[in-house]
Amino acid sequence: MKKFVDLTSFISQLPHGGNQAQWPENIELKVSGKYDGDKVLLHTMKYRAVFSIEGYDYTAYSIEQLSAQIVAWLGTNDNREELDDPMPGIDADILDDLTADIEITVEFEEDVYITPHEEGEIEYGGRRWRLENREHDIAETASVVSKDE
């Protein structure tokens, strides 16, 4: 879920002034087992990423600016042409004259590769393997502070 982690980091750096939470949902796996040189495409993971910002200050940072930033990030960092739903969804619940609760949903699809490794934690085809991009951690939480704090 590298794209989820990367977009989480990007959104948390935007000056939205709210409390942020995020989670993946509706995870679907398409098993492959296709050898690709010295690695194996084990499966493709399709999922929806949800980003929630409570207390979003839409007077300081407009919802249009937020949506433009996210669409630009996706255009730069992800090939969205093959997806069923390539555009993000943004739902704004206006709370008062200054704040809103925002929910952003984004569909992602990522290939999961394994590579041979003697001490790998995955057994496949009579060999030991490890995830190819295992250095990526998934953010459990994020918080945003003002640049003055």
(message) Debye calculation, C-alpha points only, no solvent: report log10 I(q)/I(0) for region 35-112 at q = 0.13, 0.25 Å⁻¹, in the same order as the q values.
(response) -0.51, -1.16
(message) Suppose the Debye formula is applied to equal point scatterers at every Cα of region 1-143; what is log10 I(q)/I(0) at q = 0.11, 0.14, 0.17, 0.19 Å⁻¹?
(response) -0.50, -0.72, -0.95, -1.10
(message) Could you work out how much longer the chain between Asp38 and Asp93 gets when fully extended? Use 0.36 nm per residue separation minus the Cα distance between them, nm to one decimal.
(response) 14.9 nm
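In region 1-88, which GluC sites (Glu not before Pro) fall in coil by DSSP and have 10 or fewer other Cβ atoms within 10 Å?
Numbers: sites: Glu25, Glu28, Glu54, Glu64, Glu81, Glu82; in loops: Glu81, Glu82.
Here the GluC sites (Glu not before Pro) that fit, given the DSSP loop and packing criteria, are Glu81, Glu82.
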(request) Please return the longest stretch of the chain lacking exposed loop sites, where trypsin sites (Lys or Arg not before Pro) count only if DSSP places them in a loop and at most 15 other Cβ atoms lie within 10 Å. (result) 1-133
(request) Mind putting a number on the dipole of the chain about its Cα centre? Charges go on the C-beta only, +1 for Lys and Arg and -1 for Asp and Glu, and I need it in Debye to the nearest 20. (result) 680
(request) For Lys30, list the aspartates and glutamates whose Cα falls under 16 Å from its own Cα; do not include residues on the same chain fewer than 8 positions away. (result) Glu82, Asp84, Glu107, Glu109, Glu110, Asp111
(request) Could you state the angle between the C-alpha long axis of helix 2-12 and the longest principal axis of the C-alpha atoms of the chain, as a value from 0 to 90 degrees rounded to the nearest 10? (result) 20
(request) Can you work out the accessible area per residue across the chain, with the rest of the protein chains kept in place, probe 1.4 Å, in square angstrom? (result) 62
(message) Amide H of Glu132 versus every other amide H placed in the peptide plane: which residues, excluding those fewer than 5 positions away on the same chain, fall under 5 Å?
(response) Tyr113, Ile114, Thr115
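The values are calculated or read from the model by the stated rules, or taken from the named source; none is laboratory data. As the structure is a computational prediction, the values presented were derived from the model and not from experiment. Counting neighbours? That spans all protein chains shown, and the Cβs are built from the backbone with ideal geometry, glycine included. With ligands, DNA and RNA removed, areas are computed over all heavy atoms of the protein, side chains included. Shrake-Rupley method; radii C 1.70, N 1.55, O 1.52, S 1.80 Å.
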